[in-house]
Structure formats: C-alpha cells, structure tokens
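Asks: Mind looking over this structure? Questions follow.
The values are calculated or read from the model by the stated rules, or taken from the named source; none is laboratory data. All values reported here derive from a predicted model rather than from experimental measurement. Cβ: placed from backbone, ideal geometry, glycine included. Neighbour counts: every protein chain shown.
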Amino acid sequence: MFTKSALAAALLVAASPVAAQVTGGSLDIEYDFPTDGGDFGGTTYSGAIEYSITRDFSVSADIAGYRLDNLDNDATSITIHGIYHLDDMTSFGAFVGADELQDADRETLFGFEAGTEFGAAEVEGYIGSRAFDEDSFTLFGADGKYGFGNGISAIGSVSYAANDDDDITRFALGAEYEITGGPQFYAEIGSVTDETFGDDDSQAFIGLGARVAFGAERGTTFGQRSLFEIKPGF
C-alpha cells in the first residue's frame with residue numbers, strides 16, 4: 001500500500017501545473033537481513049521529490065515506511081528539507097521531520113546537512129537531534145559514492161545516534177549498478193552496534209535495494225533522516 005501511495009503522489013505532482021519546477025525524485029525499496037539468520041531486519045519503502053523555488057533554493061520531501069521483521073507494528077518517517085545550492089556541485093540544507101512507530105507517539109527531528117561532488121565522487125553528511133520521550137538522541141551520518149564507470153560504483157555509509165543511555169553505530173560498504181537511463185541496484189554488508197548501559201550488542205547484516213530516480217541525476221539533493229535509518233529493525 002505504501003509504494004502505491006508514494007507512486008500516486010509522485011504522479012500527481014508531475015501532472016500539476018508546477019511540474020516544470022520539479023527537479024527530481026525517486027522511489028526506493030530496501031531489504032536488510034542479519035547474517036546469522038535471526039528474525040531481526042526489515043523492509044523499507046520510500047519516496048522523495050524535490051521542487052525548485054529559485055536557481056539557488058529548493059525544498060524536498062522524503063517519506064518512508066518500515067516493515068520491521070522483529071515487531072508486529074510498522075514505522076513511518078517523513079523529512080522536509082530546505083536547501084541552498086552554493087553552485088552546481090555543493091549544497092547546504094536544514095531539515096525537520098518526524099519518526100512514528102505504530103501505536104506510539106510521534107517524535108520530532110531536526111538538523112543541518114551538506115553535500116558535494118568532486119570528480120567521480122559524491123559525499124553528504126548531516127548532524128541533528130531527535131526527541132525520544134524525555135531524552136534527546138543526537139544523530140550524525142555521512143555517506144559516499146565513487147563511480148568507476150560502466151554504471152558501477154562503490155558506496156559506503158556510517159551513522160551514529162546517542163543519548164545518555166544508548167549508543168547506536170551503523171556502518172556499511174557495498175556496490176551499486178545503474179542501468180543506463182534506468183534503475184539502480186545495490187548490495188551492501190555492514191554492522192549495527194547498540195551499546196546500552198555499557199553492554200554491546202552487534203549484528204552484521206546484508207542489505208539489498210533498488211532505486212528508480214527521475215529528473216536530476218541523484219533524484220533529490222539529500223536523503224531521508226530518521227533513527228529508523230540508523231537502526232532499521234535491528
């Protein structure tokens with residue numbers, strides 16, 4: 001249902017009178033599963049779209065649904081970005097969003113981000129905060145991509161979330177293949193480490209995904225910001 005809703009929203013925007021100023025968007029699906037064969041992991045469905053206000057300023061929206069294998073209820077997140085394009089290669093932004101676990105309170109997140117391209121490489125990073133009950137998680141993340149040609153790229157990411165009692169670290173390395181003028185497919189291997197009250201719990205995982213982008217080469221300038229992106233189902 002989520003993917004149908006995201007596709008319908010994208011088609012509605014594309015059919016609107018302001019479609020000429022829509023600069024890009026994407027639809028994604030990703031499945032993460034633990035290497036030890038456990039029940040943890042999950043599937044993420046997401047969609048994004050970016051709208052240009054002027055040559056230098058744009059706004060974008062990301063929405064994601066998370067089907068968590070280890071829980072009976074699902075999660076959702078939405079992020080709105082305000083973006084300043086310094087030039088054709090470098091952009092800065094501020095974001096605000098919300099995480100919501102089914103039958104639980106919605107939690108607000110906010111922060112700042114930046115990204116650039118140089119040669120065959122792309123990098124972006126962010127820092128932010130998310131309220132969680134009476135505590136606040138500090139969030140940090142960075143990811144990169146290096147193209148080798150013929151549609152093949154190396155990809156990597158690292159992200160971190162922490163409050164007074166809990167430290168979560170996620171990192172992953174992988175490869176992406178893009179069909180010319182078509183979708184992108186990727187695979188990655190990584191680890192999620194959750195340190196709670198001094199006790200470490202690490203879980204290795206494999207992630208498989210596919211992405212269809214339109215408009216700008218990257219689809220949208222920045223990606224989804226959510227605690228569920230750092231600890232998706234683990």
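Asks: Which one of GLY128, GLY115, GLY141, GLY111 is touching a residue at least 40 places away in the same chain (Cβ under 8 Å) and touching a helix residue (DSSP H, G or I) at 6+ places or on another chain (Cβ under 8 Å)?
Replies: On inspection, the qualifying residue turns out to be GLY141.
Asks: Here is a check on your reading of the model: is ASP62 of a type in the set (Asp, Glu), under 19 Å from ILE29 (Cβ atoms) and under 14 Å from the mean Cα position of the chain (by Cα)?
Replies: Details: of a type in the set (Asp, Glu): yes; under 19 Å from ILE29 (Cβ atoms): yes; under 14 Å from the mean Cα position of the chain (by Cα): yes.
Judged against the criteria, ASP62 is a match.
Asks: Is it true that SER157 is among the small types (Gly, Ala, Ser) and buried (at least 16 other Cβ atoms within 10 Å of the Cβ)? I'd like the intermediate steps shown before the answer.
Replies: Working: among the small types (Gly, Ala, Ser): yes; buried (at least 16 other Cβ atoms within 10 Å of the Cβ): yes.
The answer is yes for SER157.
Asks: Determine if region 68-79 includes at least one residue that is closer than 26 Å to SER153 by Cβ, within 17 Å of the chain's Cα centre (by Cα) and either modelled with pLDDT under 95 or surrounded by 14 or more Cβ atoms within 10 Å (Cβ to Cβ) (or both). Walk me through how you get there before you give the answer.
Replies: Within region 68-79, the first condition is being closer than 26 Å to SER153 by Cβ, and the residues that meet it are 77, 79.
Then drop every residue that is not within 17 Å of the chain's Cα centre (by Cα), which leaves 77, 79.
Imposing the further condition that a residue be either modelled with pLDDT under 95 or surrounded by 14 or more Cβ atoms within 10 Å (Cβ to Cβ) (or both) reduces the set to 77, 79.
The answer is yes; a qualifying residue exists.
Asks: Mind counting the residues in region 173-221 that are at pLDDT below 90, outside any strand (DSSP E or B) and surrounded by 17 or more Cβ atoms within 10 Å (Cβ to Cβ)?
Replies: The number of residues fulfilling the criteria is 2.
Asks: Moving on to the next point. Across region 50-74, what is the number of residues that are in contact with a helix residue (DSSP H, G or I) (Cβ under 6 Å, 6 or more places away or on another chain) and under 24 Å from PHE185 (Cα atoms)?
Replies: 2
Asks: Do any strands (runs of 3 or more DSSP E) lying entirely in region 49-163 carry at least 2 residues that are of a type in the set (S, T, N, Q), and which ones are they?
Replies: Numbers: elements: 57-68, 75-85, 90-101, 106-118, 121-132, 135-149, 152-162.
Passing ranges, in order: 57-68, 75-85, 90-101, 106-118, 135-149, 152-162.
Asks: Does ILE152 satisfy the criteria of being modelled with pLDDT of 95 or more, over 17 Å from the mean Cα position of the chain (by Cα) and β-branched (Val, Ile, Thr)?
Replies: So ILE152 fits the description; yes.
Asks: On to the next question. In region 90-140, what residues are within 21 Å of SER52 (Cβ to Cβ) and out of contact with any Phe, Trp or Tyr (no Cβ under 7 Å at 6 or more places or on another chain)?
Replies: Once the filter is applied, which keeps residues that are within 21 Å of SER52 (Cβ to Cβ) and out of contact with any Phe, Trp or Tyr (no Cβ under 7 Å at 6 or more places or on another chain), region 90-140 yields THR90, GLY97, THR116, GLU117, GLU122.
Asks: Could you please let me know if SER26 is surrounded by 13 or more Cβ atoms within 10 Å (Cβ to Cβ), hydroxyl-bearing (Ser, Thr, Tyr), under 19 Å from the mean Cα position of the chain (by Cα) and at pLDDT 65 or above?
Replies: Numbers: surrounded by 13 or more Cβ atoms within 10 Å (Cβ to Cβ): yes; hydroxyl-bearing (Ser, Thr, Tyr): yes; under 19 Å from the mean Cα position of the chain (by Cα): yes; at pLDDT 65 or above: yes.
For SER26, the condition - surrounded by 13 or more Cβ atoms within 10 Å (Cβ to Cβ), hydroxyl-bearing (Ser, Thr, Tyr), under 19 Å from the mean Cα position of the chain (by Cα) and at pLDDT 65 or above - is met.
Asks: Another question about this same structure. Condition (residue is small (Gly, Ala, Ser), closer than 17 Å to PHE228 by Cβ and touching an Asp or Glu at 6+ places or on another chain (Cβ under 9 Å)) applied to region 106-126: is it met by at least one residue?
Replies: No, because not a single residue in region 106-126 is small (Gly, Ala, Ser), closer than 17 Å to PHE228 by Cβ and touching an Asp or Glu at 6+ places or on another chain (Cβ under 9 Å).
Asks: Give the residues of region 123-139 that are surrounded by fewer than 19 Cβ atoms within 10 Å (Cβ to Cβ) and either at pLDDT 95 or above or of a type in the set (Ser, Thr, Tyr) (or both), sorted by residue number. Show your work before the answer.
Replies: So in region 123-139, the residues surrounded by fewer than 19 Cβ atoms within 10 Å (Cβ to Cβ) come out as 123, 125, 127, 129, 131-136, 138.
Across region 123-139, the qualifying residues are VAL123, GLY125, ILE127, SER129, SER136, THR138.
Asks: Only one residue in ALA120, ALA98, ALA94 is more than 27 Å from PRO34 (Cα to Cα), modelled with pLDDT under 95 and of a type outside the set (Phe, Trp, Tyr). Which one?
Replies: Working: ALA98 fails: more than 27 Å from PRO34 (Cα to Cα); ALA94 fails: modelled with pLDDT under 95.
Answer to the selection: ALA120.
Asks: On the basis of being surrounded by fewer than 20 Cβ atoms within 10 Å (Cβ to Cβ) and at pLDDT 90 or above, does ASP36 make the cut? Step through it out loud before you land on a result.
Replies: On the way: surrounded by fewer than 20 Cβ atoms within 10 Å (Cβ to Cβ): yes; at pLDDT 90 or above: no.
Answer is no for this residue.
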